[in-house]
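Comments concern the structure below.
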Amino acid sequence: MTTPLELGAIRAAGKPAVARALAAIETAGGIARHAALLDACVAEPGGHVLGLTGPPGVGKSTLTNALVRHVRARGETLGVIAVDPSSRVTRGALLGDRTRLKTDPDDRGIFVRSMAARDRLGGLSDHAVGAVALMQAVYDRVIVESVGIGQSEADVATVADTVVLCIQPGSGDSLQFMKAGVMEIPDVVVVTKADTGAPARRAAADVEGALSLAVRAADALVPPVLTVSSTAGTGLDALLEAVERHRAWTTDPVRADRLRAARFRHWVADAVKVGFGTAGLALVDLDRALEAAAGPFGAVAAETAALARRLEMGR
Ligand SMILES: Nc1nc2c(ncn2[C@@H]2O[C@H](COP(=O)(O)OP(=O)(O)O)[C@@H](O)[C@H]2O)c(=O)[nH]1
Ligand SMILES: [Mg+2]
């Protein structure tokens, strides 16, 4: 049976077709081969992509579980992607071991995928970026769980509409994040494990302090700081409300177009840089590349093929 790599067919066939399409994207060269599908996926604004990030053990998977139940109870469909950027070293040990997502296999409205980002989640050459593009075209919401401190926060921001940074009570994380420049990235900050009481409240106050020092664009929203307990189920409604408020801000028509254009440009630039370095990037006219192609994935495929030919000829 041939894989239906046409968006309408994938939407109609649901889970098995999504799984086949993701497998096709994940093969070597799969992103370039399926650029037309992926460009069709991002041609229209799709489902909302929530990026959940923070250090291992902070409670991202448990929170994802709680959010999945909440969102499904409201009748919205959901795709979940757990990306482990360090899995080359840990062989994926961080994923799933502790908190496997418990979902109903018969529920057509939820799709869960674990992925290893080989080096980092960044650039359209990365399978995770393609997977997010596909899932947001099929489901009402996508949650991307990404482990790590530093680069992974910045990476998840390139695919997520709203980035939620998770902070562990009593960890001194906020200070570390501030030093790493991470405090400029989140749209919402969540202190997890609110059921621990005083340490969670203290961490929230620390984060407020750190955020007041972060540098932000003039029109940027100051991220709200919330406390949640995924195990006790407290703070989840407030979190989803904060996410909705941020979503409303990003989907303001003028802002939405600007954000999308910037994201596409960043994707193309990043993919070219990953493949050909800054010297390669200097040879590419990003605006022209995006204009000439059906979308960012096609632009990457065309530009990387052109650069490869140039390198061949230069030999
Ligand atoms: N007390 C408490 N523990 C939690 C909560 N959420 C997660 N945990 C625990 O924190 C540990 C790490 O959680 P996990 O979701 O795997 O963290 P991740 O590595 O960020 O995905 C597990 O032992 C969880 O049971 C919470 O709301 N309250
Ligand atoms: Mg986890």
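The values are calculated or read from the model by the stated rules, or taken from the named source; none is laboratory data. Computed from a predicted structure; not experimentally measured. Glycine gets a Cβ as well: all are built from the backbone with ideal geometry, and neighbour counts include every protein chain shown. Side chains are part of the model used for accessible areas, which takes the heavy atoms of the whole protein and leaves out ligands, DNA and RNA. Shrake-Rupley method; radii C 1.70, N 1.55, O 1.52, S 1.80 Å.
For the reader, a short list of remarks on this structure follows.
- Toward the positive end of the charge dipole of the chain, with +1 on the Cβ of Lys and Arg and -1 on the Cβ of Asp and Glu, the farthest Cα among T103, V243, P224 is that of T103.
- Mean accessible surface per residue for the chain, computed with a 1.4 Å probe while every protein chain stays in place, in Å²: 46
- Formal net charge of residues neighbouring R202 (Cβ-Cβ distance under 15 Å; K, R +1; D, E -1): -2
- Candidates L259, L63, L236: whichever shows maximal mean-square fluctuation once the chain is modelled as a Gaussian network with Cα springs under 10 Å: L259
- Cβ-based net charge around I167, under 9 Å, with every Lys or Arg adding one and every Asp or Glu removing one: -2
- Highest-MSF residue in the chain out of T196, T227, T53 [GNM, Cα springs under 10 Å]: T196
- With a cut-off of 12 Å between beta carbons, the residues surrounding L286 carry a summed charge of -2, where Lys and Arg count +1 and Asp and Glu -1.
- Carbon/sulfur fraction of accessible area - the chain, other protein chains in place, 1.4 Å, %: 55
- Which listed pairs, of K60/K102; K15/K102; K15/K273, have C-alpha distances above 24 Å, in listed order: K15/K273
- Extension gain for A248 to A12 (0.36 nm times residue separation, less C-alpha to C-alpha distance): 82.1 nm.
- Additional length obtainable on full extension of the chain from A43 to R69, 0.36 nm per residue less Cα span: 6.4 nm
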